[in-house]
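Q: What follows is a structure written as C-alpha cells; I'll ask about it next.
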Amino acid sequence: MIQLNSRGIPINIESPTLATIFAKSINNDLVAQRADGGTIALYKHVPELNNDQMIVGLQKLDNLTEGDIVYINTNGAINTLYRRDSLHNALFITDRCNSNCLMCSQPPKNHDDLSHFYAINTALISMIPKDTLELGITGGEPTLLGQRFLSLLAQLKYELSSTEIHILSNGRSFAWRHVAQSISKVDNRRTVYGIPLYSDDYRQHDYIVQAKDAFNQTVLGMHNMARYNQRMEVRVVLHKQSYRRLPQLAKYIYRNLPFIEHVAFMGLEYTGYTVKNHDLLWMEPVAYAEELEEAVLYLHAMGMNVSIYNLQLCLLKQSLWPFAQKSISDWKQNYLAECSSCSKLDSCGGVFETSKRHSTLISAIR
C-alpha cells in the first residue's frame, strides 16, 4: 500500500499550507513549493537549523515524487492530496453523511468539517495540473456542502475543463428538484455521479443504508437528475443483505432507470462498519455467484453497460471475467502471496490492502 501520510518535526511552520513537490536535493531530500512561491524543505535527517521552513526527521520520502501536492500541517504531518502519476486522485469533501450504511468503509463522523475541507479543496483545485485525466469527489456525502458544492463544481469546470469528474453521492439530495436543476446549470458533461442502490425493495435498501425513505429519495433523485440530463451510474455493494434480490434489482434498473449509463457490482472492502457488522454482511463471494451472474448477464443482454469491481477473478464464474475491472485505487491495491503464481495475475485487480479479511478461497488460476 502506498503511504499517503507521514509525520516529522516541524521547524518554523506557523500555519497549514498546500505545497507542490518540485525538487530533490543531492541527499534525496525534497523541496515543496507553496502557492505564494515560498518553499518548505522535507528532510529525513536533521540538518543545521536556520530560519527556513522545514519538516525534519521524516522516516521516508520515497512515497513522494515531483508534481505531487501535499498538505503540510503545523504539527509536522504531511498528507498527500494529489499524486502526479496516479489515476486515482480524489477530493475529500467531508466525514459527514446523511446515511449510515451497514458496510460503510469510512464511518461518518458528527463534526462540522465542511469549511475546513472546502478551503483546502478550493486551493487544491487551482494547483492540480490542467492535463489531469480523472478526478474523484468523495466523502461522506459531498452534497452536504450545499451552495458551496455548486461553487466547487463550477470551479472544477473552469479550472479543470478537460478532466473527467466522478462524484460519489447517495443521491438523496437530488430528490429536491431545485438541487438537480442548480447542478445542471453548471453544465459540465465530463461529470458522472456514482449513486448506490442496494435493492429493488425499498425496505431492504432503507435498512442497508439505515435511513428511512432513502430508497424513495434516491430513486426520485436519479429521475430528477435525468430530467436535467445529468450523467449517472448505479453502484451495488455485494453482501449478505443485498445478494438475494440482485436479479430483481437488475430488472428494476433496466425497467425504471434506463438513463443510467453504467452499473457496477462491487465486492466488500472489509473495514470500517463491515468489521462491526460481520455477521450481517460477510459471505464468501462464491456463495452469491448465481445471483451475480444472473444480474450481470441480464443487464448486458439488455444493452446496459455493466462492470464488476473489487472481486478477484478466481472467485468469479468465467462467464463474468469480461466484466471484472481493476477498480481498487492504486494506493490501497495489493495481491496475496498465493496470487504470485496465478496465470491471470495481470488481468486481476487484486485485493484491498485495507481489508482486515479476505476470502479464504482466493487461489492461483493455473
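Q: Using mean Cβ contacts within 10 Å as the protection proxy, how do 112-119, 145-152, 220-227 order, highest first?
A: 220-227, 145-152, 112-119
Q: Something else about it: Please report the relative contact order for the chain, taking Cα pairs under 8 Å with a sequence separation of at least 6, and give it as a percent rounded to a whole number. Intermediate results must be reported in sequence, preceding the final value.
A: Details: 740 pairs, mean separation 44.5, N = 366.
About 12 percent, as a whole number.
Q: Something else now. What FRET efficiency do you get for K326 and E294 if R0 is 25 Å and r is their Cβ-Cβ distance, rounded to the nearest 0.05? Each step should come with its number before you reach the end.
A: Details: r = 24 Å, r/R0 = 0.96.
Taking R0 as 25 Å, the efficiency between K326 and E294 is 0.55.
Q: What are the principal axis extents of the Cα atoms in segment 258-302, in Å, biggest first?
A: Taking the Cα atoms of segment 258-302, the three principal extents are 37, 23, 13 Å.
Q: Now a separate question. Among N5, S25, T132, which residue has its Cα positioned farthest towards the positive end of the charge dipole of segment 1-139, with +1 placed on the Cβ of Lys and Arg, -1 on the Cβ of Asp and Glu, and the dipole taken about the Cα centre?
A: Checked the options; the winner is N5.
Q: To continue, here is another question. Based on alpha-carbon centroids, what's the gap between segment 8-34 and segment 74-136 in Å, whole number please?
A: 21
Q: While we're looking at this one, here's another question. Test of understanding: express the Cα radius of gyration of segment 88-136 as a ratio to 2.2 N^0.38 Å, with N the residue count.
A: On the way: Rg = 13.2 Å, N = 49, 2.2 N^0.38 = 9.7 Å.
Dividing the Cα radius of gyration by 2.2 N^0.38 Å gives 1.37.
Q: Something else now. About the Cα centre of segment 229-309, what is the dipole size in debye to 20, counting +1 per Lys and Arg Cβ and -1 per Asp and Glu Cβ, all else neutral? Each step should come with its number before you reach the end.
A: On the way: 8 positive and 9 negative charges, 66 e Å.
It works out to roughly 320 debye.
Q: Roughly what would the spin-label model give for H45 and S184, points 7 Å off Cα along C-beta, in nm?
A: Output for this residue pair reads 6.3 nm.
Q: Any idea what the dipole of the chain comes to, in debye rounded to 20, about its Cα centre with Lys/Arg Cβ at +1 and Asp/Glu Cβ at -1? Mind dumping the intermediate values first?
A: Numbers: 35 positive and 35 negative charges, 157 e Å.
With Lys and Arg at +1 and Asp and Glu at -1, about 760 debye.
Q: I would also like to ask the following. Given the -39500 (n - 2.57) contribution per DSSP H run of 4+ residues, what per-residue ellipticity at 222 nm results for the chain, rounded to the nearest 500 deg cm²/dmol? Before the final figure, lay out each step's value.
A: Numbers: 9 runs with 91 residues, N = 366.
That comes out to -7500 deg cm²/dmol.
Q: Points 7 angstrom from Cα along the Cβ direction at D279 and N27: gap in nanometres?
A: Reported label-point gap for D279 and N27 is 5.6 nm.
Q: Another question about this same structure. Taking all pairs of distinct Cα atoms, average 1/r, flip it, and tell me the Kirkwood hydrodynamic radius of segment 1-43 in Å to one decimal place.
A: On the way: mean 1/r = 0.0864 Å⁻¹.
Result for segment 1-43, one decimal place: 11.6 Å.
Q: Go through segment 11-24 residue by residue and turn each phi into a ³J(HN,Hα) via Karplus (6.51, -1.76, 1.60, θ = phi - 60°); whole Hz please, and just put x for glycine and proline.
A: Coupling constants for segment 11-24: 10, 6, 8, 9, 8, x, 7, 8, 8, 9, 5, 9, 7, 10 Hz.
Q: Let me ask something else about it. Which number comes out as Rg/Rh for segment 57-155 once both Rg and the Kirkwood Rh are worked out on C-alpha atoms? All intermediate terms of the calculation are to be shown ahead of the outcome.
A: Values: Rg = 14.7 Å, Rh = 15.0 Å.
Checking Rg against Rh, the ratio lands at 0.98.
Q: How long are the semi-axes of the equivalent ellipsoid of segment 102-205, taking √(5λ) for every eigenvalue λ of the Cα gyration tensor, in whole Å from largest down?
A: So the three semi-axes of segment 102-205 are 24, 17, 14 Å.
Q: Per residue of segment 291-305, in order, report the coupling 6.51 cos²θ - 1.76 cosθ + 1.60 (Karplus, θ = phi - 60°) as ³J(HN,Hα) in whole Hz, putting x for Gly and Pro.
A: Residue by residue, segment 291-305 yields 5, 5, 4, 4, 5, 5, 5, 5, 4, 5, 5, 8, x, 8, 7 Hz.
Q: Still on this model: Identify, among I40, Q181, F149, the residue whose Cα sits farthest towards the positive end of the charge dipole of the chain, taking +1 on the Cβ of Lys and Arg and -1 on the Cβ of Asp and Glu, with the dipole about the Cα centre.
A: Value: Q181.
Q: By how many nm would the segment from D201 to K356 lengthen if fully extended, with 0.36 nm per residue of separation less the alpha-carbon distance? Before the final figure, lay out each step's value.
A: Working: separation 155, 0.36 × 155 = 55.80 nm, distance 3.03 nm.
The span from D201 to K356 would gain 52.8 nm if fully extended.
Q: Would you work out which of F259, L361, Y71 lies farthest towards the positive end of the dipole of the chain? Charges go on Cβ: Lys and Arg +1, Asp and Glu -1.
A: Most positive-ward Cα: F259.
Q: Here's something else I'd like to know. Along the Cα→Cβ direction, 7 angstrom out, place labels at A77 and D346. What is the inter-label distance in nm?
A: So the two model labels end up 4.1 nm from each other.
Q: Does anyone have the angle between helix 147-159 and the longest principal axis of the chain? Alpha-carbon axes, 0 to 90°, nearest 10?
A: 70
Q: So how do 349-358, 129-138, 306-315 stack up, highest first, on mean other-Cβ count within 10 Å? Walk me through the intermediate numbers first.
A: Numbers: 349-358: 17.3, 129-138: 14.7, 306-315: 21.4.
So the peptides 349-358, 129-138, 306-315, ranked by packing, come out 306-315, 349-358, 129-138.
Q: Can you figure out the FRET efficiency of A337 with V286, using R₀ = 22 Å and their beta-carbon distance, to the nearest 0.05? Mind showing how you got there, number by number?
A: Working: r = 20 Å, r/R0 = 0.92.
Calculated transfer efficiency: 0.60.
Q: Continuing with the same structure: Return, ordered by residue number, the residues of segment 156-187 whose backbone nitrogen is under 18 Å from a label point located 7 Å along Cα→Cβ of N305.
A: 162-169
Q: Assigning unit charges at the beta carbon (Lys, Arg +1; Asp, Glu -1) and nothing else, what dipole magnitude in debye, to the nearest 20, does segment 36-140 show about its Cα centre? Write down the numbers at each step before the final one.
A: Numbers: 7 positive and 12 negative charges, 55 e Å.
Approximately 260 debye in magnitude.
Q: Using the Kirkwood radius over C-alpha pairs as Rh, can you work out the diffusion coefficient of segment 1-119 via Stokes-Einstein at 20 °C, viscosity 1.002 mPa s, in µm² per second? Each step should come with its number before you reach the end.
A: Values: Rh = 15.6 Å.
Value of D from the Cα-based Kirkwood radius: 137 µm²/s.
Q: Still on this model: Is the C-alpha gyration tensor of segment 125-186 telling us rounded, prolate or oblate? Criteria: a/c under 1.5 is rounded; beyond that, a/b larger than b/c is prolate, otherwise oblate.
A: Prolate, because a/c is 1.5 or more and a/b exceeds b/c.
Q: How large is log10 I(q)/I(0) at q = 0.11, 0.13, 0.15 Å⁻¹ when the Debye formula is applied to the Cα atoms of the chain, each weighted equally and without solvent?
A: -0.83, -1.12, -1.37
Q: Now for a separate question. When the convex hull of the C-alpha atoms of segment 175-288 is computed, what volume per residue in Å³ does it have?
A: Spelled out: Cα convex hull of segment 175-288, divided by residues, is 113 Å³.
Rule-based calculations on the coordinates, nothing more; no lab input. Nothing here was measured: the structure is a model prediction, and the numbers come from that model. Heads up, the Cβs are rebuilt from the backbone with ideal geometry, glycines too, and the neighbour counts pull from every protein chain shown.
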